[in-house]
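Enquirer: Below: one structure in structure tokens.
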Amino acid sequence: MFEGQPKGLFALALANTGERFGYYTMLAVFALFLRANYGLSPALAGTIYSAFLMFVYFFPLFGGMLADKFGFGRMVTTGILIMFAGYVLLSVPLGGDSVALVVMLAALLLIGFGTGLFKGNLQVMVGDLYNDPQYKDKRDAGFSIFYMAINIGALFAPTAAIKIKEWAEQSLGYSSNDAYHFSFAVACASLILSIAIYYAFRSTFRHVEGQKGKEAGGSSASGNASAAAAEAPELSKEETKQRIVALCLVFAVVIFFWMAFHQNGLSLTYFADEFTAQSAQGLQAMCFNVWNLVAVIFIVYALFSLFQSKTGKGKAISALVIALALCFLCLSYDADGTIKVSAPIFQQFNPFYVVALTPVSMAIFGSLAAKGKEPSAPRKIAYGMIVAAVAYALMAFGSLGLPMPTSEIGPDGNPTAVHMADVTPNLLIGVYLVLTFGELLLSPMGISFVSKVAPPKYKGMMMGGWFVATAIGNQLVVVGGLLWGAVPLWLCWSVFMGVCLVAAVFMFAMMKRLERVC
């Protein structure tokens, strides 16, 4: 899985892991913070939440254009600095008045623009590592590893957000609303770590930073991937047009996936807060401890190593890791112990599944590739849309008979959501599993497809286009907030199921045109 990959991949992936940890720590509690701190309705909180996500994924279009002119490396560094300023503003507890709201919106704008400079350009650099012929066949696997690294950061984020908020309340005496800002401050520290990793290992990817002059002129001995791309024969106008059209068709489809998928921070979190049981015990309780999930991840990877290792020593080490992880899980089990379940913690399951299932996914597609039966990237994307539809079908079925969401005025004069039911946490745990299968089919493969198909002169812009499509999908996330409390829950989930199915049908209808450029 990790063999034969360019060294720069791991450095860029780790730099991204640090940034994503801070981002998802903030995002885990952001929608609940908007409702609690400013007394916003679910719809208005959803509007701000989705608008922020939209900007986070829209600004990479401009970040890509700037990088095509000034270099990817410069934009990545500039993006981190701008994001840092935004998170600092967001970390200051200013209360819930109009001034605090304006400062919060300004912070979101800085974070969105900084992410636009950082995120897309970092991924273009990852793609350019594979322009070197010796890594050509490792591109899809490399993006799967990169995507897995993103989710390692996201895995710990919900626990960090909850624990730091609780610490600020219990140890420092901050009010519940002010304590949220300590969760946001985590992002500042994570960005410092991210930039430290970036510059510490810069020598492994300097040749793909795309910067001009003396600095970019010093390429690596193993072959300059950027130079290889520059020396590639120029595409004809017709071929360039075909590739751009194919990419735009994919962009149109993924809009609806992100519209449905990113309900995890909005309507699915509302569901966790208002309809899901707020306690768990026994085996179910173990699922909410992030270290138990880490132990499971160790078991999965050690099992792969056990069967793939070619030496007795390697097999013995793998077996020891499995044994230690199982012992840890056994010691963690408490049949009678009951734990409190907070709504944001459910957001840890998606990144857990991504990290745990990535080697499984790669093994399956590797086996199919060896037999010449691996589906193309566009076909994987279409399958991912169908899987996402199945996830929301499960939510619709699990919500039959549940009452409409409601709220009451709390002692502070703000509306407070009322807990209406105690649906088993297994519903959301299972739905996140199914959504993750869809994500693994769509997201890393989509990014890989863009980096592979984009005309060389428009790589930055086309990667920006992928993020614009994601931005539009994220803006449509607001649909979940608008439907919450306005229609029965089963109908709310059915809307997302329907759009995913329609997008899948469209994708299959365009398949021949898409596969022609692969």
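Enquirer: I want to check the label-to-label distance for Lys313 and Leu44. Put each point 7 Å from Cα in the C-beta direction and report it in nm to one decimal.
Expert: Roughly 6.5 nm, to one decimal.
Enquirer: Shifting gears a bit: Work out how far the C-alpha atoms of segment 372-518 reach from end to end along every principal axis, then list the three figures in whole Å, largest first.
Expert: Taking the Cα atoms of segment 372-518, the three principal extents are 59, 33, 23 Å.
Enquirer: Ordered by residue, what ³J(HN,Hα) values in Hz, to whole numbers, does segment 72-79 give under the Karplus form 6.51 cos²θ - 1.76 cosθ + 1.60, where θ = phi - 60° and Gly and Pro are x?
Expert: So the Karplus estimates, Gly and Pro as x, are 5, x, 4, 5, 4, 5, 4, x Hz.
Enquirer: Return the lysines within reach of Lys371: Cα separation strictly under 20 angstrom, same-chain partners fewer than 8 residues apart disregarded; answer none if there are no such residues.
Expert: Of all the lysines, those that pass the test against Lys371 - Cα under 20 Å, at least 8 places apart if same chain - are Lys136, Lys138, Lys380.
Enquirer: Excluding residues fewer than 8 places away in the same chain, name every one of the aspartates and glutamates whose C-alpha is closer than 16 Å to that of Lys457.
Expert: Hits, sequence-local ones excluded: Asp68, Asp128, Glu209, Glu231, Glu234, Glu238, Glu239.
Enquirer: Tell me the angle of helix 98-128 to the major Cα principal axis of the chain, expressed in degrees between 0 and 90 and rounded to the nearest ten.
Expert: 30
Enquirer: Quick one: of Lys119/Lys340; Lys69/Lys459; Lys310/Lys373, which pairs are farther than 23 Å apart, Cα to Cα?
Expert: Distance filter (> 23 Å) returns Lys119/Lys340; Lys310/Lys373.
Enquirer: Would you mind checking segment 285-306 for residues with the amide N under 15 Å from a putative spin-label position 7 Å along Cα→C-beta of Ser367?
Expert: 304-305, by backbone N distance to the label point.
Enquirer: Before rounding to the nearest 500, sum -39500 (n - 2.57) across all DSSP H runs of length at least 4 in the chain and divide by the residue total; then give [θ] at 222 nm in deg cm²/dmol.
Expert: -24500 deg cm²/dmol
Enquirer: Roll a 1.4 Å probe over the protein heavy atoms and report the accessible area of Ile80 in Å², nearest 10.
Expert: Rounded to the nearest 10, that gives 10 Å².
Enquirer: Pulled fully out, how much extra length does the chain show between Ala189 and Leu326, if you take 0.36 nm times their separation in residues and subtract their Cα-Cα distance?
Expert: Taking Ala189 through Leu326 to full extension adds about 46.1 nm, to one decimal.
Enquirer: Would you mind computing, in nm to one decimal, how far apart the modelled labels at Glu239 and Leu491 are, each placed 7 Å from Cα along Cα→Cβ?
Expert: Simple spin-label model gives 5.3 nm for this pair.
Enquirer: Please work out how much length the chain gains when fully extended from Asp422 to Arg202, using 0.36 nm per residue of separation minus the C-alpha to C-alpha distance, in nm with one decimal.
Expert: Length gained, Asp422 through Arg202: 74.2 nm.
Enquirer: Moving on. Order Leu247, Leu283, Leu110, Leu326, most accessible first, counting only protein heavy atoms with a 1.4 angstrom probe.
Expert: Descending order: Leu283, Leu326, Leu110, Leu247.
Enquirer: Here's a follow-up. What stretch of the chain, leaving out the sites themselves, is the longest with no chymotrypsin sites (Phe, Trp or Tyr not before Pro) in a DSSP loop having at most 16 other Cβ atoms within 10 Å?
Expert: Free of exposed loop sites, the longest segment is 3-332.
Enquirer: Still on this model: Give me the accessible area of Asp422, 1.4 Å probe, in Å² rounded to the nearest 10.
Expert: About 110 Å², rounded to the nearest 10.
Enquirer: Sticking with this one: In whole percent, and with a 1.4 Å probe on the protein chains, what portion of the accessible area of the chain is carbon and sulfur?
Expert: 67
Enquirer: Among all stretches of the chain without exposed trypsin sites (Lys or Arg not before Pro) (DSSP loop, at most 13 other Cβ atoms within 10 Å), which one is longest?
Expert: Here the longest segment lacking exposed loop sites spans 1-211.
The values are calculated or read from the model by the stated rules, or taken from the named source; none is laboratory data. In this text the structure is predicted, and so the values were computed from the model without any measurement. Positions of Cβ are backbone-derived with ideal geometry, glycine not excepted, and every protein chain shown enters the neighbour counts. Heads up: the accessible areas ignore ligands, DNA and RNA and are worked out on the full protein's heavy atoms, side chains in. Shrake-Rupley method; radii C 1.70, N 1.55, O 1.52, S 1.80 Å.
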